[in-house]
Protein chains: 2
Amino acid sequence: MKVKVLKNILDANDQIASRNRQILDKNKVLAINIMSSPGAGKTSLILQTIKKLKDRVRIAVIEGDIASTIDADRISEERVPVVQINTGGACHLDANMVSNALDSLPLGDIELLLIENVGNLVCPAEFKVGEHKKVMLLSLPEGDDKPYKYPLMFTQSEVIIINKIDFLPFQDFDFTAFNKVVTGLNPKAKILQVSCKTGEGIEQWVSWLESELRGR
Amino acid sequence: MKVKVLKNILDANDQIASRNRQILDKNKVLAINIMSSPGAGKTSLILQTIKKLKDRVRIAVIEGDIASTIDADRISEERVPVVQINTGGACHLDANMVSNALDSLPLGDIELLLIENVGNLVCPAEFKVGEHKKVMLLSLPEGDDKPYKYPLMFTQSEVIIINKIDFLPFQDFDFTAFNKVVTGLNPKAKILQVSCKTGEGIEQWVSWLESELRGR
């Protein structure tokens, strides 16, 4: 019974997600759904991306949080359009929330939409919001065993970014074992190592984004 | 409508949680629900607790994960009774899952039951499982802004443990600001600083547990 309720919710969500996707496509906007645990660095990645790309790509941001506008406030200092969604308890963004946010954005003037999901390694992977690509961050201090415990997130994400690699001298992380499990779950996944703090590896991430923008 | 469905689910959950609590009380078992983001150190805290207390307190563990038995395998090496719950997708433990796990534990021989919830800073705070106390970990690298973004978890937890304080030389964390926000949300919260890696601060955590055990 509970499973059926969830299935109906997901089906309804998928319909709205498809409509969002059509609206984005009509406006030639590439939408990236960025997911991670709390504090893994989604906002920092978005800030780094804006810094690198804002002179040549028109960017907007949707910020998802249970409560607060801290992240949206940080983004708006960069003078890009930003909409804050407060889910009021829900542990993920859904397509309907994003649909309302799209109404507030100047889509005709945007090429790249970065959607920061709620910090959660579980449910965000289940709810499409109309994005073209799903990307996840794993913070190095979270440990290399996360793909075993949260497999869906790793299966769904085209790019898996290991952030905070500046912690490497102080924290063990078995990249070989990690890559092996991730490749087993998701053979096509692109795995990047970055530090949003030092900027290391950000070039590779931005190159991937630019190739996706060119491919549209 | 969606809100009503959630309310019914939570009401049904609360009934089973009360029954779990009665069973625990009858057997004089203190149950602690341990919650955090993925990779904040729940299993490491449990291992440290077992190490410090197992000679004088009879401990059992319930391990909650979406998938895998990695954590239960680590715990069982310590020769304490452990039951793994795999939620199969759900982002939190609920009372019914814990009820089934209680059936597999020798409750008459246990004084302390440590319940490791699914790594998630959102929904675990909404679902009682029959515990006497809720405890949360925040990993230092997650950042000091988490109480703003995930307020319910901080409101519900009697003890808030900041783990991985060995990262302090390499990571900013404003303890004054953090304590101020947390105390605003939850004036009675006990805030501890620990490193499960070095063992720093674990004594304080174990003292709290022992005083709770004595108070029963």
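The values are calculated or read from the model by the stated rules, or taken from the named source; none is laboratory data. Computed from a predicted model, the values in this text were never measured in an experiment. When we count neighbours, we look across all protein chains shown, and the Cβ atoms used for this are built from the backbone with ideal geometry, even at glycine. To get the accessible areas, we keep the full protein, side chains included, count just its heavy atoms, and leave off ligands, DNA and RNA. Shrake-Rupley method; radii C 1.70, N 1.55, O 1.52, S 1.80 Å.
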Looking at (1) under 21 Å from A:Phe127 (Cα atoms); (2) surrounded by fewer than 18 Cβ atoms within 10 Å (Cβ to Cβ); (3) in contact (Cβ under 8 Å) with a residue 12 or more places away in the chain, which is the one condition that is false for A:Asp103?
-> (3)
Of the numbered conditions (1) of a type outside the set (Ser, Thr, Tyr); (2) touching a helix residue (DSSP H, G or I) at 6+ places or on another chain (Cβ under 6 Å); (3) within 11 Å of another protein chain (Cβ to nearest Cβ), B:Gly41 satisfies every one except a single condition; which is it?
-> (2)
For B:Lys54, are the conditions met, namely being over 26 Å from B:Tyr150 (Cα atoms), in contact (Cβ under 8 Å) with a residue 60 or more places away in the chain and open to solvent by 30 Å² or more (accessible area, probe 1.4 Å)?
-> no
Identify, by number, the condition in (1) under 19 Å from B:Ala60 (Cα atoms); (2) within 14 Å of chain A (Cβ to nearest Cβ) that B:Met153 doesn't meet.
-> (1)
Return yes when B:Asn186 is within 14 Å of B:Leu121 (Cβ to Cβ) and among the polar types (S, T, N, Q) and no when it is not.
-> no
Residue pairs meeting the criteria (Cβ under 8 Å; at least 6 apart or on separate chains; first more than 9 Å from A:Phe173 (Cα to Cα), in the range A:142-153; second of a type in the set (Val, Ile, Thr) and assigned to a loop (DSSP other than H, G, I, E, B)) | A:Lys149/B:Ile66; A:Tyr150/A:Val122; A:Tyr150/B:Ile66; A:Pro151/B:Ile66; A:Leu152/A:Val122; A:Leu152/B:Ile66; A:Met153/A:Val122
Per-region count, the range A:10-42, residues surrounded by fewer than 23 Cβ atoms within 10 Å (Cβ to Cβ) and part of a helix (DSSP H, G or I) = 17
Would you pick out the residues in the range B:77-107 that are within 14 Å of another protein chain (Cβ to nearest Cβ) and not polar (S, T, N, Q)?
-> B:Ile85, B:Gly88, B:Gly89, B:Ala90, B:Cys91, B:His92, B:Leu93, B:Asp94, B:Ala95, B:Met97
Subset of the range B:169-216 that is among the small types (Gly, Ala, Ser) and part of a loop (DSSP other than H, G, I, E, B) - its residue that is least open to solvent (accessible area, probe 1.4 Å) = B:Ser195
If we ask which residues in the range B:12-38 are without any contact (Cβ under 8 Å) to a residue 24 or more places away in the chain and within 14 Å of chain A (Cβ to nearest Cβ), their number turns out to be 1
Inside the range A:96-106, the number of residues satisfying the requirement of being within 17 Å of A:Asn33 (Cα to Cα) and assigned to a loop (DSSP other than H, G, I, E, B) is 1
Per the filter on the range B:57-95, residues part of a strand (DSSP E or B), open to solvent by 10 Å² or more (accessible area, probe 1.4 Å) and over 24 Å from B:Glu212 (Cβ atoms) are B:Gln84, B:Asn86
